[in-house]
Amino acid sequence: MKTSNLLLSTTRETPADAVVISHQLMIRAGLIRSLAGGLYNWLPLGVRVLRKVEAIVREEMNRAGAQELLMPVVQPMELWEESGRGIDYGPELLRFKDRHQRDFVLGPTHEEIITDLVRREIRSYKQLPANFYQIQTKFRDEIRPRFGVMRSREFIMKDAYSFHMDRDSLQQTYDDMYQAYNRIFSRIGLDFRPVQADTGSIGGDGSHEFHVLADSGEDDIAFSTGSDFAANVELAEALAPRGERAAPSAELDKVATPNKHSIEEVCDFLQLKKKAVAKTLLVKGAKEAAPIVALVVRGDHELNEIKAQKLEWVAEPFEMAGDEEIKAAAGCSAGSIGPVGLSIPVIVDRSAAHMSDFVCGANEDGYHFTGANWDRDAIPTLIADIRNVVKGDPSPCGQGKIEIRRGIEVGHIFQLGNKYSTALNATVQNESSRSQVLEMGCYGIGVTRVVAAAIEQNNDERGIIWPDSIAPFQVCIVPMQMHKSPRVAEATEALYQQLVGLGVDVLMDDRAERPGVMFSDMDLIGIPHRIVIGERGLDKGEIEYKYRRDEKAQDIPAEGFIDFLM
Ligand code: ATP
Ligand code: MG
Ligand code: MG
Ligand code: MG
């Protein structure tokens, strides 16, 4: 492409709300323009990058055996009512009515839609496993859209959904997706880490996030210095041992008002805090147990061990041998999940008489909390305090200490189990011709967020430095005085045509601008390879080449230039 044919909208100005470098550079380089809060126009240069990210994602999804389909952005509310998520999802879900007063939502994700599709289309176990994906616009009415396309309201996601007859098959596809995600982010050239993660409002059991490491990230990632353990702190805090810090009983003592909370309220709160383990326990336990008024999660075991324990507890909520000390002191039914040290104590209220001043805590001296009286406003303080993992704490994996770094969540994979298939009754015939509920996984990548994350990791004072894999153009040709020198114009055009013929994405700057302007624009928009053609070089039979990260240009003999470049 030639710049004369490209909307090259570079600018020095950045809006006041552009506080992170990727947002500033995406505006300055003319990749995006703001339309309204959390809504962006993607300019042609930006779309080129977006399409390259999509192409890599698509190739790797296809390679992993996923099938591409396309589902509507507009979704009927009935399906969200059927899944029970209409209420759970909260105000991020944008609802509206059509002219017939029917309720719809703008899709923030597509579990309901794909599950509805699959329950109609897939009849037999012989058609499974199957993994479907799309690259599609999502809308989430984020409370605080910010950082440009990193947290926008409308964005593009690659979302995939897999369906299985059993857990082993789900695990297999989950592992394949885990590998595919590693390949995708490696190919893009990002410095990223897969980490154990919470499952948020999507629910389910196993989950990993893929984080691009950057100071501007909104998530804290806890790493172990002694192993490859890594987890989002949202989750790591729930798994981490307390280390040497004092038990927060002083905080608890401040919690004064005896106040009974419904299970819905407690669940609601825990969901807000995105506390995977606790949430699942509560929700599952609630079906058969009396209201749980207090639940404290602390653990020093791997997530899968907790999972195993959890299932046992759900089956027999009151039979689990409790921590006797807690039980006696609390004077109410108390169960402590897992072996000594696992520390997921659960206190179950079976009568209003035992609502106040109970004791809870871990199976560990010095970590029992006394005088716990729950009041809605106080619960957040309590939980935040308990889950506060900091640098230097022992790692939950038992090896090394905690290091904390900031991460940008660019991908998230989940084992959903049968949450949606049960709710929506997605069943197929198994080998014995009985109908069986499907197991399900889902796998997201924030395609638009990836573009911003790549810039967060690749920039300097002159602008963006694209990894070759997603650069809008891999090469730019900047001719010196082309409009005055027919010789330069001719050589430039010839090289341009040659590169185009070789399938190189090349941008030729044919504007009648000063060299300084062209250089600074090409640097700002981040083209990795720059070629300069001028009279002097032509005289010497040389072409000037500069890699975007290099300080100095080099003169390459024109003869072997293409070989050098390729
Ligand atoms: P976050 O924690 O950042 O709010 P999420 O956990 O809500 O993200 P998921 O439901 O896991 O997001 O969606 C899959 C992917 O979609 C995320 O990993 C992220 O890359 C992307 N994504 C989510 N919300 C946004 C947003 N508001 N703007 C851009 N990308 C987003
Ligand atoms: Mg979110
Ligand atoms: Mg998240
Ligand atoms: Mg997520």
Computed E for V390/A558 - FRET, C-beta separation, R0 41 angstrom, nearest 0.05
0.10
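Quick one: putting +1 on the C-beta of Lys and Arg, -1 on the C-beta of Asp and Glu, what dipole do you get for the range 461-566 around its Cα centre, in Debye to the nearest 20?
On the way: 12 positive and 19 negative charges, 44 e Å.
For this selection, approximately 220 debye.
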Taking amide H positions as placed 1.01 Å from N in the peptide plane, with prolines and chain starts having none, which residues 5 or more places from R151, or on another chain, fall under 5 Å of its amide H?
R146
Quick one: length gained pulling R536 to L70 fully straight, 0.36 nm per residue minus the C-alpha distance?
162.4 nm
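How much accessible area per residue does the range 7-114 have, in Å², with a 1.4 Å probe?
Values: 5330 Å² over 108 residues.
Result: 49 Å² per residue.
Does the range 389-513 classify as rounded, prolate or oblate by the C-alpha gyration tensor (a ≥ b ≥ c root eigenvalues; a/c under 1.5 gives rounded; else a/b over b/c gives prolate, otherwise oblate)?
Verdict is oblate for the range 389-513.
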In whole Hz, the Karplus estimates of ³J(HN,Hα) for the range 105-119 (6.51, -1.76, 1.60; θ = phi - 60°; x where Gly or Pro) are 10, 8, x, x, 5, 10, 4, 4, 5, 5, 5, 5, 5, 5, 5
Efficiency of FRET from Cβ geometry, E218 and E59, R₀ 35 Å, rounded to 0.05:
0.75
From the residues V517, F414, Y496, which one has its Cα farthest along the dipole of the range 408-566 in the positive direction, the dipole being from +1 and -1 charges on Cβ of Lys/Arg and Asp/Glu about the Cα centre?
F414
May I ask you to evaluate 6.51 cos²θ - 1.76 cosθ + 1.60, the Karplus curve with θ = phi - 60°, for each residue of the range 127-138 and list the ³J(HN,Hα) values in order in whole Hz, giving x for glycine and proline?
8, 10, x, 9, 10, 10, 9, 9, 10, 8, 5, 10
Contour minus end-to-end for E551 and T422, with contour as 0.36 nm per residue of separation and end-to-end as the Cα-Cα distance?
40.5 nm
Can you tell me how much longer the chain between S4 and L502 gets when fully stretched, taken as 0.36 nm per residue apart minus their C-alpha distance, in nm with one decimal?
177.1 nm
Considering amide H positions built from the backbone, and no H for Pro or chain starts, which residues 5 or more places from E218, or on another chain, come under 5 Å of its amide H?
G407, E409
The range 463-524 - percent of accessible surface contributed by carbon and sulfur, probe 1.4 Å
54 percent
Residues whose placed amide H lies under 5 Å from that of M508, excluding near-sequence neighbours:
K2, T3, I477
Dipole magnitude of the range 72-206 about its Cα centre, charges +1 at Lys/Arg Cβ and -1 at Asp/Glu Cβ only, in debye to the nearest 20?
480 debye
Do the alpha carbons of any pairs in K52/K401; K158/K419; K52/K546; K484/K540; K52/K391; K126/K158 sit beyond 29 Å of each other, and which pairs?
K52/K401; K52/K391
Over all directions, average the projected area of the Cα convex hull of the range 1-113 and note it in nm².
11.2 nm²
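Average projected area of the Cα convex hull of the range 8-62, in nm²? Display every interim value, and only then the final one.
Working: hull surface 17.8 nm².
For the Cα atoms of the range 8-62, the hull's average projected area reads 4.4 nm².
Taking R0 as 35 Å, what FRET efficiency do you get between A494 and S186 from their Cβ-Cβ distance, rounded to the nearest 0.05?
On the way: r = 36 Å, r/R0 = 1.04.
Here the calculated transfer efficiency is 0.45.
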Can you give me the distance in nm between label points at S520 and R434, each placed 7 Å from the Cα along the Cα-to-Cβ direction?
7.4 nm
For the range 119-164, size of Cβ-based charge dipole, Lys and Arg +1, Asp and Glu -1, in debye
100 debye
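In whole Å and largest first, what semi-axes does the C-alpha gyration tensor of the range 139-225 yield when each eigenvalue is scaled by 5 and square-rooted? Could the numbers behind the result be given before it?
Values: eigenvalues 117, 65, 40 Å².
So the three semi-axes of the range 139-225 are 24, 18, 14 Å.
Given axes a ≥ b ≥ c from the Cα gyration tensor, I'd like to know whether the range 485-566 is rounded (a/c under 1.5), prolate (a/b larger than b/c) or oblate. Mind showing how you got there, number by number?
Values: a/c = 1.23, a/b = 1.12, b/c = 1.09.
Rounded shape, in that the Cα axes give a/c under 1.5.
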Could you check the simple spin-label distance between D88 and V47, using points 7 Å along Cα→Cβ, in nm with one decimal?
3.7 nm
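The values are calculated or read from the model by the stated rules, or taken from the named source; none is laboratory data. As the structure is a prediction and not an experimental result, all values here were calculated from the model. Quick reminder, even Gly has a Cβ in these numbers, built from the backbone with ideal geometry, and neighbours come from all protein chains shown. Quick note on the areas: whole protein, heavy atoms, side chains included, nothing else; ligands and nucleic acids left out. Shrake-Rupley method; radii C 1.70, N 1.55, O 1.52, S 1.80 Å.
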